[in-house]
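Quick notes on the structure that follows.
The values are calculated or read from the model by the stated rules, or taken from the named source; none is laboratory data. All values reported here derive from a predicted model rather than from experimental measurement. Note that we place each Cβ from the backbone using ideal geometry, even for glycine, and neighbour counts take in every protein chain shown.
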Amino acid sequence: MDPAEFGISTTPLHHAPYGPITPEALAGANTSKVALITGAARGIGAAIAESLAKSGANVAILDLDIERQADTQQKCAAHGVKVGVYGCDVTDEQTLLATLDQVEQELGPVDVLINNAGILSQRPLLISTFPSFWRQIEVNFKAPLLLTHALLPRFLSRGGTGCIINIASRSGTVDVPMTMGYVTSKAALIRGTHTLQKELGLDGLDEGVGVYALHPGGVFTGMGGSGAEEDVRERYGGVGVGDEEGFRELFRDGPELCGQTCAWLASGRGRELRGFYLDCRQDVRKLLEYGREAMLKEKRNTLGVNFLDGYCNEP
């Protein structure tokens, strides 16, 4: 990963929960809601689940198996909410949909979906097996679509309200060699978020159902810090691999920042930001102050193409 691919903000970023997204500010904000979080065993997913629980939501936590979620379950339950624990491969359509039904039978209708489960393989396409490459697309993009597709009719039947948060990545906005499966799946997730929000308007659901693509910040997790395998290091050494310690300075955010941002979005207080790609390090008060209409008109927080001056993205 080349740091030069990324810009440097002149406006200070947040690296921990602040102002409107602190646990104190969101106390009770999601009381009685049911939130489903995928990839909840550890790291960002576990933090999201606990933040939702702190804000009063009953949580359904989902990962490959139940055993690995014991710590997340304990931390969420400590906040006095109901916690359902489910083991499931999110790419297995039949099992995933059956699990969704089980969640709603045990906890009630799902109000909030957090598509957090994700995987990363640091290996160029040239020396990857296609199944290992495609597995990233299935976990990072297919799985969120499966759950979204299953939940939207249920949202419609329950009065047309709901919240879907897709955990995206800044990597979906730039070119990062060695991670083609990851960056393309995250880019698809971001674009899908933009498009789905517009589609919801066709059925009168735009204001009731909010869909968000959220970059979780620079969180040093087991996935992001795993590094490339030895054969990749030997073949490409130094070209985007082999310097994981050098990249540690890019990962300066705790997972709680993303978790609390998710709780804030789930509360409905960020409804004006629906359909956008958001970076949880950026102050939500500044985004709200700028205004939805201006952001839409100027295509802010949206994937796009920059042509040479004089050329436009014509139909």
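Checked against the criteria, Leu287 counts as in a helix (DSSP H, G or I), farther than 18 Å from Leu52 by Cα and either of a type in the set (Asp, Glu) or modelled with pLDDT of 95 or more (or both).
When Leu120 is tested against (1) free of Cβ contacts under 8 Å to residues at least 40 places away in the same chain; (2) buried (at least 20 other Cβ atoms within 10 Å of the Cβ); (3) of a type outside the set (S, T, N, Q), only condition (1) is not met. Is it fair to say Ala41 is touching a His at 6+ places or on another chain (Cβ under 6 Å), crowded, with 17+ Cβ neighbours inside 10 Å and aliphatic (A, V, I, L, M)? Against the criterion (touching a His at 6+ places or on another chain (Cβ under 6 Å), crowded, with 17+ Cβ neighbours inside 10 Å and aliphatic (A, V, I, L, M)), Ala41 does not qualify. Condition test on Thr31, is it under 29 Å from Thr99 (Cβ atoms), out of contact with any helix residue (DSSP H, G or I) (no Cβ under 9 Å at 6 or more places or on another chain), modelled with pLDDT of 95 or more and not small (Gly, Ala, Ser)? It is true that Thr31 is under 29 Å from Thr99 (Cβ atoms), out of contact with any helix residue (DSSP H, G or I) (no Cβ under 9 Å at 6 or more places or on another chain), modelled with pLDDT of 95 or more and not small (Gly, Ala, Ser). Listed here are the helices (runs of 4 or more DSSP H) enclosed by the stretch 116-228 that have at least 2 residues being touching a Gly at 6+ places or on another chain (Cβ under 6 Å) and within 28 Å of Val305 (Cβ to Cβ): 130-137, 180-202. Just for the stretch 229-253: of the residues that are more than 17 Å from Arg170 (Cβ to Cβ) and part of a loop (DSSP other than H, G, I, E, B), which one is modelled with the lowest pLDDT? Ranking the qualifying residues of the stretch 229-253, first place goes to Gly242.
Selection of the stretch 264-315 for residues being in contact with a helix residue (DSSP H, G or I) (Cβ under 9 Å, 6 or more places away or on another chain) and hydroxyl-bearing (Ser, Thr, Tyr) yields Tyr277, Thr302. Among all positions in the stretch 73-85, there is at least one residue which is at pLDDT 95 or above, part of a helix (DSSP H, G or I), of a type in the set (A, V, I, L, M) and surrounded by fewer than 22 Cβ atoms within 10 Å (Cβ to Cβ). One residue stands out in the stretch 44-72 among those that are surrounded by fewer than 24 Cβ atoms within 10 Å (Cβ to Cβ) and either modelled with pLDDT under 95 or acidic (Asp, Glu) (or both): the one that is farthest from Pro216 (Cα to Cα), namely Glu67.
Of the residues making up the stretch 255-296, those that are of a type in the set (Ser, Thr, Tyr) and crowded, with 16+ Cβ neighbours inside 10 Å are Thr261, Ser267, Tyr277.
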